[in-house]
Structures are given as C-alpha cells and as structure tokens.
1. Filter region 42-69 for residues that are in contact with a Phe, Trp or Tyr (Cβ under 8 Å, 6 or more places away or on another chain) and over 30 Å from Ser263 (Cα atoms) and give the result.
2. Which number in (1) assigned to a loop (DSSP other than H, G, I, E, B); (2) touching a Cys at 6+ places or on another chain (Cβ under 8 Å); (3) surrounded by 15 or more Cβ atoms within 10 Å (Cβ to Cβ) marks the one condition that Ile229 misses?
3. Determine, yes or no, whether Ser166 is without any contact (Cβ under 8 Å) to a residue 24 or more places away in the chain and part of a helix (DSSP H, G or I).
4. Going by what's in this entry, would Leu81 be described as part of a loop (DSSP other than H, G, I, E, B) and in contact with a helix residue (DSSP H, G or I) (Cβ under 7 Å, 6 or more places away or on another chain)?
5. Kindly evaluate Ala145 against the criterion of being crowded, with 17+ Cβ neighbours inside 10 Å and part of a helix (DSSP H, G or I).
6. Any residue in region 60-77 that's under 16 Å from Ser30 (Cα atoms) and in the same structural domain as Leu49 (by TED's automatic domain parsing): show its pairings with residues that are modelled with pLDDT of 95 or more and of a type in the set (S, T, N, Q) at Cβ separation under 6 Å, as long as the two are six or more apart or on different chains.
7. Please specify each residue of region 149-193 satisfying the condition of being closer than 24 Å to Lys121 by Cβ and either in contact with a strand residue (DSSP E or B) (Cβ under 9 Å, 6 or more places away or on another chain) or among the hydrophobic types (A, V, I, L, M, F, W, C) (or both).
8. Might you let me know whether region 149-160 holds any residue that is in contact with a Leu (Cβ under 6 Å, 6 or more places away or on another chain), in contact (Cβ under 8 Å) with a residue 40 or more places away in the chain and closer than 29 Å to Asn42 by Cα?
Amino acid sequence: MKNVFLILVFVNLFAFNFFGQESLISKADSLRNLGRSFYDKNPARFISLLDSAAILYTQLENKKQQGYCLQNIAFAYEEKLDNVDSAISYIEKAIPIWIDIQESFNQANLLKYLGMLQGKKGKYTKGKENIWKAIALFENNNFEAGIAVSYFDLALLYDNASQLDSSIYYFEKNKAYFESKQDTSRIFGVNTKLFETYLKEENYKAASEMYESNLNMEKSSRVHWQNLIDYYKISMKYFKLVDNSELYEFNQENYKRLCEKLSQQGIIIK
C-alpha cells in the first residue's frame, strides 16, 4: 500500500512538472506571437509583450527564444521609438546569449547592429570595431549576404560621423552584392540612402540618378512601405532644393496617399 502511495505521489509530481512547464511554454509562445501583431501599430505594447515572453523563456531555459525576444525589443526601440539607448541595452543583453549557445550568425548580426547604434551615439571607434568583428564572423561562415549588410551598417556609421565619402563607398559595396542577386528590396533601400547622402554633398547629378533608379522600382511589391516613405520624403527635399515644384508636388501626393493608406491600417509612421 505504501509503495502504491509513493508511486501515485511520483506520478502526480511528474504530471505537475510536465503540464506546468507545458503551460509556461504555451503562455510564452502566445505572448511572443501576440506581440508580433503590434510591431507596426503599437510598438510600446509589442515591447511589453515580448519582455514578458522573454522572462518566461528565461524560466524555461529556452535561451534561443529569449535571445530573439530581447533583440526584437531592441529593434522596436530603435526603429519605431527612436530610443537608441534602450535599443543598445537590449542588444547587449542578447549578444551574450548567442555567444553562450554558440550561434555565431546571430552574434554577428547583432554585433553589426550594435556598431551602427554606437555610431548614432557618436561612439565611432567602438562601433567600427563591433561591425568588423561581425564581418569576420560572417567571413568565417562564408556568408556573403551578412558581409554585405554589415557594409550597410558601416556606411550608416560613417554617415553619422559626417564622413560621406566612406559612407558612399560602403553603400556601394552593399549595393554591388545585392545587384548581383537582383534583390529589389535591398537595392531600393540602399539607393534611397545614397540619394540622401548625395544631397548632403550637394551632388545633385548623382542624387538625380538615384531618384530615377528607384522610380523604376517604386511599384514593386518587394519594396517595403518604410523605404517608400523615406524615398518620397527625400524626393520632396531634393525637388525643393532644385526648385522643381511639379515633381515636388508629385512626390508629396505619393507620400500623402501612402501615409493615409497606412494610417487606415493602424500603422504608425515615422
């Protein structure tokens, strides 16, 4: 009888631990999945939900999902709320996780991003060190696309440092790779950054070439709405500078139309 009692206690404890853990996993996954729907529409809510999910993944010792939650929170802080300090804080929490579980790709991805963020804070030397560490990791894994996107972040750092020649150089290296892959989305994005940089240099001929190049890709379904918003804003600035009211109004109308469409979907525009 005593043995039967002990077996029942063991079974109940096992069931409690198993189903208790299953409940935590389900809750963490639900919070993460629900959070995704708020990224563009309510980034503060997105951050709150993923933060809660990260806590549960920590309890579950699921380091991979914990790392993803932390880095996605960082992206939201920087991309949606312009809070670079908080973005850096969360990236610095995520990087040790990827190192611990030997995920060199994710480590490299965050190192390059951290370097770009540090450039926004004027920490150019440290930022460049982290981006070059990322490039070395990508090279060790023969991941050319990773190297190319690292060049993009390096170009952004140089842009923040007002070293425009270096910025253009690395944007062009990024562009060359994605042109070889015919990646419309990436090409459009880097063209927009080159367009903006040439305006800073007052190189209106080169700026015009970037405008025309993107005009040919503008209607592509592969171009993200944020890139279109940026393109229209820079185009308005350009045509105001060159005193072309017709094309200024043309791009202004495109900008307004897109903003209205996004607003109707509840998407926050920056």
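The values are calculated or read from the model by the stated rules, or taken from the named source; none is laboratory data. From a predicted model like this one, the values you see are computed outputs, not experimental measurements. Cβ sites come from the backbone with ideal geometry, for glycine too, and all protein chains shown count toward neighbours.
1. Of everything in region 42-69, those that are in contact with a Phe, Trp or Tyr (Cβ under 8 Å, 6 or more places away or on another chain) and over 30 Å from Ser263 (Cα atoms) turn out to be Lys63, Gln65, Gln66, Gly67.
2. Of (1) assigned to a loop (DSSP other than H, G, I, E, B); (2) touching a Cys at 6+ places or on another chain (Cβ under 8 Å); (3) surrounded by 15 or more Cβ atoms within 10 Å (Cβ to Cβ), only one is false for Ile229: (1).
3. So Ser166 passes the test.
4. On the way: part of a loop (DSSP other than H, G, I, E, B): yes; in contact with a helix residue (DSSP H, G or I) (Cβ under 7 Å, 6 or more places away or on another chain): yes.
It is true that Leu81 is part of a loop (DSSP other than H, G, I, E, B) and in contact with a helix residue (DSSP H, G or I) (Cβ under 7 Å, 6 or more places away or on another chain).
5. Taking the combined requirement at face value, the residue does not satisfy it.
6. Gln66/Thr58
7. Matches in region 149-193: Val149, Phe152, Leu154, Ala155, Leu156, Leu157, Ala161, Leu164, Ile168, Phe171, Val190.
8. Scanning region 149-160 turns up no residue that is in contact with a Leu (Cβ under 6 Å, 6 or more places away or on another chain), in contact (Cβ under 8 Å) with a residue 40 or more places away in the chain and closer than 29 Å to Asn42 by Cα.
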